[in-house]
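Here's the structure, in structure tokens; my notes come after.
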Amino acid sequence: MKNRQDKAPGDRPGTKKIVDAYLEGKLPEELATRIREWLLLDDENRAGKDAALEEAWRRDVRYEKPGRRARKSLEETRARLFPGETMRRRTRGKTRVAAAILLPLLAIGGAAWLLNTRHVGTETGTSAIVETSGDSTRQVLLPDGTNVILNARCALAYDEARAVTLDGEALFEVVKGEKPFVVTAGEIVVTVLGTTFNVEAIPGSKRLKVTVYEGRVKIEGREWSRVTRAGEELLLDLSSGERRVVAVDTTVKRPSWCLPPRAGLSTSRFGEILSMLASRHGVSIENKRPELNDDLYTFSHGEGESLEDALRVLQVAGDNFTYTIQGDAVTIE
Amino acid sequence: MKGCTKTNILIENDISPEMLVLLRDGSHAAYEEIYLHYADSVHRFIEQLTRSGEAAREITQEIFVQLWERRAQVDPARSFKGYLFTIARNAAINFIEHQKVRGKYLEYSLHNNNESVGPSDEAMIASETALLVEIAVSRMPRQRKKIFLMNHEEGLNPGAIAERLHVSKHTVESHLATAKKEIKKMLE
């Protein structure tokens, strides 16, 4: 018993597994509650739990472009910590005399600005934030004519024409313009001249995805940049920094979530379904039949359904491949 | 990850030491800069941890209030994320403890306090194993979960389960074998 306690936290991979499964957020609430208390209130193996938690923290918490929520949170905290100082940043840089004269005006401006930021969902003027909730997607026509379809639970902020910030996933159908169209999503910046592309930057997710359906876009990350063309998809793994470019089908100019639903099921390409299954079940899927990637399937994969169930359904529907599962590796032949 | 070529791009998202020196010295501007750039991801993490948006909002603010109040302890030579983690961890623990006091977790706390001396290392490991098994079970498809629980909790044999569920004994056995494999993999 003594020996076991002397071991380093890393000697108990189970601790990390539980923490990761918990943070993934897919466990039933009752089990999640018990794990949360085991994790935070039960001091046994405190070091091991903290190490697993800190690893996830270092992976997920990062320096990023501030969103509306961060600004609101700062406003509230500033009122607590530095009462009476909320106008400080706005008056700085003016001369004292000018500041004295401008003060009433600025106060009005400040109030209008605060009101404006609270008006979530308005689309008038030069800046706005559009948010989606629940399961519904939403179409937004930007002032320059660019069409954006926002996936559920996403936020799109545009400060000026042709510069937007995205939290979540959206399809952009960009009209050509004099200025390049720029999307900031998490830690990447996507610059385009006129094209259709999909950006997936889901908060809390461990990856960023940019899929280009038409035209060309330039994607810039931290210390790297890449031009991605129609038919290419760039995947950035945020924890490892690993980048991959994969081919995608562009006959359908939209990702599956943008397509009209068919009898409650969504239509997806075989390749997309495989990557979804691989990430959902934490396995690697080797597809030795890449020519099948573009086949369209009407397919749904509910919570709790196993990988094997899904593959069996696909096999019956497609009737043109076989699969083998060996531990973490799946092969399609 | 198998079969992928690693590009080895290090994404280290910590703030510059200069900014941390300014924070330690009490610069409001540096504090606000750090606040704005970390608050969103801190909020997301805490929301994952507490499963509550409202808790995440409160705890995130508390973390940054603590950061300001303990700015003198910031060491610019060390990882800022690591320092912020220590604050966040304690803030999260405080919050969950408070929730418990408020009675939300009464049942569990009673159960926990029964053990006058803390659980032994042996018991700890057993409970960790139990959680891993529960996670594996929660991920099983409905039918397999049902069969596994009938076998393990009700002690029914495959024949009896097959009869009750109107499926073949072979189906039950195959589900049980897969269930065992899944659990074994979880415990590896």
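The values are calculated or read from the model by the stated rules, or taken from the named source; none is laboratory data. Keep in mind that this is a model prediction, so the values were computed, not measured. Heads up, the Cβs are rebuilt from the backbone with ideal geometry, glycines too, and the neighbour counts pull from every protein chain shown. Areas reflect the complete protein model, heavy atoms only, side chains present, ligands, DNA and RNA absent. Shrake-Rupley method; radii C 1.70, N 1.55, O 1.52, S 1.80 Å.
Numerical summary
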quantity	calculated
Net charge of Cβ neighbours under 9 Å - reference residue A:144; Lys, Arg +1; Asp, Glu -1	+2
Protection proxy ranking, peptides B:162-171, B:50-59, average beta carbon neighbours within 10 Å, highest first	B:50-59, B:162-171
Peptide A:174-185, shielding by other chains (average Cβ, 10 Å cutoff)	0
Peptide B:31-38 - average C-beta neighbours from other chains (10 Å radius)	6
Buried accessible area, chains A and B (both chains, 1.4 Å probe, Å² to nearest 100)	7600 Å²
Entries in B:145/B:181; A:17/B:184; B:146/B:169; A:49/B:180 that, when Cα-Cα distance is taken, lie over 19 Å	A:49/B:180
Among A:67-77, A:172-182, A:210-220, A:315-325, the order from most to least packed when residues are scored by Cβ within 10 Å on average	A:210-220, A:67-77, A:172-182, A:315-325
In order through the stretch B:30-36: 3J(HN,Hα) via Karplus (6.51 cos²θ - 1.76 cosθ + 1.60), integer Hz, x for Gly, Pro	5, 4, 5, 4, 5, 3, 4
Shielding by partners, peptide A:234-241 (average Cβ within 10 angstrom, other chains)	3
DSSP-assigned coil residues among GluC sites (Glu not before Pro) in the stretch A:223-253, each with at most 15 further Cβ atoms within 10 Å	A:223
Rg and Dmax [Cα atoms of the stretch B:121-187; Å; Rg one decimal, Dmax integer]	12.8, 43
Radius 9 Å from Cβ of residue A:19, net charge of other residues (Lys, Arg +1; Asp, Glu -1)	+1
